[in-house]
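What follows is a set of notes on a single structure, which appears directly below.
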Amino acid sequence: MSRQTEIFVVGGGPAGLSAAIVAAELGAKVLLVDDNATLGGQLIKQTHRFFGSSARDAGIRGIAIAEKLCQEVQARKKNLQVLLNTSAVGFYGDGEAGILSPDRYEKVTYERVVVGTGAVENSLNFENNDLPGIYGAGAVQTLMNVHGIRPGHKILMVGSGNIGLIVSYQLLQAGVQVIGVVEAMPTIGGYLVHASKIRRLGVPIMTGHTIVKALGTDGVTGALLCRLDDKFQRIPNTEFEVACDCICLAVGLSPLIDLFQQAKCKMVYIPELGGLVPLHDGNMRTTNPRVYVAGDASGIEEATTAILGGRIAGARAYESIHGPSATAQKIVDDANLELKSLRAGSTGDRIRWGRERLSQEIAAC
Amino acid sequence: MSLRIEEHPILTFKKGKKVTFTFDGKKLEGFEGEPIAAALHAAGIRLLRHSPHKNRARGFFCAIGRCSSCMMEVNGVVNTMTCITPLAAGMDVKTQKGHGVIKP
Ligand SMILES: Cc1cc2nc3c(=O)[nH]c(=O)nc-3n(C[C@H](O)[C@H](O)[C@H](O)COP(=O)(O)OP(=O)(O)OC[C@H]3O[C@@H](n4cnc5c(N)ncnc54)[C@H](O)[C@@H]3O)c2cc1C
Ligand code: FES
């Protein structure tokens, strides 16, 4: 079978949902696919109260934000169709994609596509890093917060960014002993509120340390740690062993970008945005005029900015088909204003830097 | 302490009905609809396959169907991603060696 739509949205996380909601609200015919059984993307495992702008959901748990977006989708189902358990597996030719559901493979033809595929977790180089019992932070959250199963009894956390700190706290809530958080940098990466929360519960945060190797043969039984000097070199004779039955890696995410490469979008490497991202302008349009990007796929950031980027992409994708619209323009202006305030201040330094480089690349292109 | 969370300060977990399945011939219990890898993990099993070249032990890593670390033989189908395949009653799950053998 083949399906036809005006705006095709790939990914049902905060970015894709927001793009789809806005485009449908403006009147476009929208089809959204997500490869999970439920909508919400990363949000469905986030039990903590959000950091972010207070106008947009700070202090609300991620799972509640997902529910809110889902209700908005429901309200627009007249022209917004959702297919769950369905992956966009390939972009072919011009305006054609293949989608795979458990029982069928179909072709989708579209005018514009908004790709909000999110990100994949990074691993880290150390001996035995493939042992059973070593999990990404997202995997730990999925297992624990979605399926109600602890990853183990005693866990070592690697990485003290917000994700490492938040997941450590969630592990404690679930009754898992967190034996410590290892951080290569000389200072804690995440917000201090999150760090003090777990410190108060007795979890040591070992800055200037790294993991040398995981111990065990058929599964993790411990880890060998050591101190690092100010040039990130291992300091000899500082190795020590810790006992644990699992290790959680919270060492960052990389944008999920294979679809952009298939669509022949020009890619750029910007470390501040998480690595390779599709080159895109302030309207979230890539170098392939049919293709828009939003959320972590456009640069690793947070759910609030993913929502705003998604709203811009949805509004601009609509306008590029139906012509200028005052309502769409207002959505974009409001989103840009909010983005500016979210990215202000020292915590937004890296992102502003990355975004700045992106606009230089666009100007040169 | 069991790995299943019975009480959580924020969350409640909706479970499918209890079912039995086999893992390398042994009978195990899990809940219908949860990922096979999750049911195995709760039963204390985390070695899911051996890598093709160096025969190294592998478990799941990403739990969202992205990394292929969790591939096993399920009902005779090799390379099944068990972290996203829902458990059903009577499933026959086997540890996978290397790339597995595709049966005609
Ligand atoms: C532990 C943790 C804590 C966090 N805490 C916060 C916080 O407090 N505040 C905050 O603002 N942000 C937080 N974030 C970040 C936030 O969750 C992400 O930035 C946000 O979810 C990104 O949204 P997205 O829509 O781009 O991607 P995602 O939420 O990852 O959604 C992408 C969706 O697309 C689907 N998909 C991918 N490829 C395909 C395909 N080919 N076909 C079909 N579907 C596909 C995926 O399965 C997924 O459902 C946190 C993240 C983590 C991991
Ligand atoms: S654990 Fe990564 S694909 Fe299953």
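The values are calculated or read from the model by the stated rules, or taken from the named source; none is laboratory data. This structure is a prediction, so every number in the text was calculated from the model and none was measured. When we count neighbours, we look across all protein chains shown, and the Cβ atoms used for this are built from the backbone with ideal geometry, even at glycine. Accessible surface is based on the protein model in full, side chains and every heavy atom, while ligands, DNA and RNA are left aside. Shrake-Rupley method; radii C 1.70, N 1.55, O 1.52, S 1.80 Å.
Table for the structure above
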| read-out | value |
| --- | --- |
| Pairs of lysine residues in chain B - Cα separation under 15 Å, sequence separation of 8 or more or cross-chain | 5 |
| Highest average packing first - B:83-95, A:352-364, Cβ atoms within 10 Å | B:83-95, A:352-364 |
| Accessible area of region A:123-249 belonging to carbon and sulfur atoms, whole % at 1.4 Å probe | 52 |
| Inter-chain shielding of B:34-45 (mean C-beta neighbours from other protein chains, 10 Å cut-off) | 3 |
| Residue list for region A:11-49, given a label point 7 angstrom along the Cα-to-Cβ vector of A:Arg200 and an amide N cut-off under 20 Å | A:47-49 |
| Summed side-chain charge close to A:Leu172 - residues other than A:Leu172 whose Cβ falls under 15 Å, Lys, Arg +1, Asp, Glu -1 | +4 |
| Lys, Arg +1 and Asp, Glu -1 on Cβ, resulting dipole of chain B about Cα centre, debye, nearest 20 | 340 |
| Residue-averaged beta-carbon neighbours from other chains (10 angstrom radius) around A:164-176 | 2 |
| Dipole of region B:18-96, positive direction: furthest Cα of B:Met71, B:Ala38, B:Val93, with charges on the beta-carbon | B:Met71 |
| Within-13-Å neighbourhood charge of B:Arg49 [Cβ basis; K, R +1; D, E -1] | +2 |
| Size of electric dipole in region A:15-170: Cβ of Lys, Arg +1 and of Asp, Glu -1, about Cα centre, debye, nearest 20 | 580 |
| Two-site label geometry, A:Asp281 and B:Glu29: point separation in nm, points 7 Å out along Cα→Cβ | 6.2 |
| Rg(Cα)/(2.2 N^0.38 Å) for the protein assembly as shown, N = residue count | 0.98 |
| Per residue value of the accessible surface for chain A (all protein chains in place, 1.4 Å probe), Å² | 42 |
| For region B:18-96, alpha-carbon Rg relative to the globular expectation (2.2 N^0.38 Å, N residues) | 0.98 |
| Rounded to 5, percent antiparallel among DSSP beta bridges of the protein assembly as shown | 55 |
| Pairwise burial B:A, computed as accessible area of each alone minus the pair, summed, 1.4 Å, Å² | 3000 |
| Nearest 10 degrees, 0 to 90: helix A:326-342 Cα axis against chain A principal axis | 20 |
| Accessible carbon and sulfur surface of region B:18-96 relative to its total accessible area, %, 1.4 Å | 52 |
| Peptide-level mean, for B:1-11, of C-beta atoms on other protein chains within 10 Å | 6 |
